[in-house]
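Have a look at the structure below before the remarks.
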Amino acid sequence: MVKPLVLASTSRHRRALLERAGLSFVPCAPRCDEEIAEGTPPAEIVVVLARRKAESLAPEHPDGLIIGSDQVVEIDGRVLGKPGTVEAATAQLVSMSGREHRLLTGLCVHEPSTGRSETGLSVHRMRMWPLDEERLARYVARDLPLDCAGSYRVEAAGVTLFESMEGDDFTAIVGLPLCLLARLLLRFDVTLVDYLG
């Protein structure tokens with residue numbers, strides 16, 4: 001009998017990835033502090049926050065395997081998170097127009113019964129077309145990517161913003177790297193196939 005799979009996320013995009021794959025899981029909102037010390041490297045930020053999210057649900061799901069994920073965009077050493085407003089989203093996109101940035105996705109699988117956590121990182125290099133502010137504002141009005149790191153949804157019209165995307169797992173760009181998840185679950189002697197509904 002495999003342990004229940006728990007997704008520590010309120011993101012509809014992460015839920016949709018697991019649902020489209022036909023996986024059985026329980027979505028729950030994580031309860032953790034997301035403050036990170038200034039100067040923390042972006043790759044460390046996403047892994048630490050993914051772990052905090054997963055481990056925050058351990059008391060509620062002592063017999064489960066809990067997935068936590070976090071994502072940021074890094075450009076010129078700056079971290080771009082969720083914009084929150086139309087103006088901030090447009091400004092983020094303008095700062096990335098015609099340039100390459102890194103999309104970092106941290107992942108954690110936590111097993112409360114043993115206290116064990118396995119973590120990983122997925123990195124994609126994303127190059128945007130050189131688009132002016134008017135075009136980028138039109139995109140933002142269309143997709144309203146206010147809850148997305150970097151202010152785009154590649155699973156929707158955001159794909160039109162990109163000249164290239166380099167990485168090993170397209171699902172990571174949406175927010176939950178399923179190939180990496182499969183590798184982490186193997187460390188607990190289970191596979192994604194074990195969770196097919």
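Filter region 48-78 down to residues that are in contact (Cβ under 8 Å) with a residue 60 or more places away in the chain and not in a loop (DSSP other than H, G, I, E, B), then give me how many there are.
Looking only at that region, the number is 12.
Taken together, the criteria exclude residue 81 from residues that are free of Cβ contacts under 8 Å to residues at least 12 places away in the same chain and farther than 22 Å from residue 112 by Cβ.
Return the residues of region 74-84 that are surrounded by fewer than 20 Cβ atoms within 10 Å (Cβ to Cβ) and either among the acidic types (Asp, Glu) or under 19 Å from residue 132 (Cα atoms) (or both); say none if nothing qualifies.
75, 76
Please indicate, with yes or no, whether at least one residue in region 30-41 is within 17 Å of the chain's Cα centre (by Cα), under 20 Å from residue 172 (Cα atoms) and part of a strand (DSSP E or B). The answer is no, given that none of the residues of region 30-41 is within 17 Å of the chain's Cα centre (by Cα), under 20 Å from residue 172 (Cα atoms) and part of a strand (DSSP E or B).
For region 123-145, a residue qualifies if it is over 18 Å from residue 75 (Cα atoms) and among the aliphatic types (A, V, I, L, M), and the qualifying residues are 137, 140, 141, 144.
Filtered by the rule that a residue be part of a loop (DSSP other than H, G, I, E, B) and not hydrophobic (A, V, I, L, M, F, W, C), region 17-29 gives 22, 24. Considering only residues in region 27-54 that are exposed (fewer than 14 other Cβ atoms within 10 Å of the Cβ) and among the aliphatic types (A, V, I, L, M), the one that is farthest from residue 101 (Cα to Cα) turns out to be 29. Taking region 153-169 as the range and being surrounded by 15 or more Cβ atoms within 10 Å (Cβ to Cβ) and either among the charged types (D, E, K, R) or under 19 Å from residue 46 (Cα atoms) (or both) as the test, the residues that pass are 153, 155, 167, 169. For region 117-144: of the residues being without any contact (Cβ under 8 Å) to a residue 60 or more places away in the chain and either aliphatic (A, V, I, L, M) or within 24 Å of residue 59 (Cβ to Cβ) (or both), which is surrounded by the most Cβ atoms within 10 Å (Cβ to Cβ)? In this case the residue turns out to be 140.
Read-outs throughout are calculated quantities, based only on the coordinates presented, and are distinct from any laboratory measurement. None of these values were measured; they are calculated from a predicted model. With ideal geometry, Cβ positions are generated from the backbone for all residues, glycine too; neighbour counts draw on all protein chains shown.
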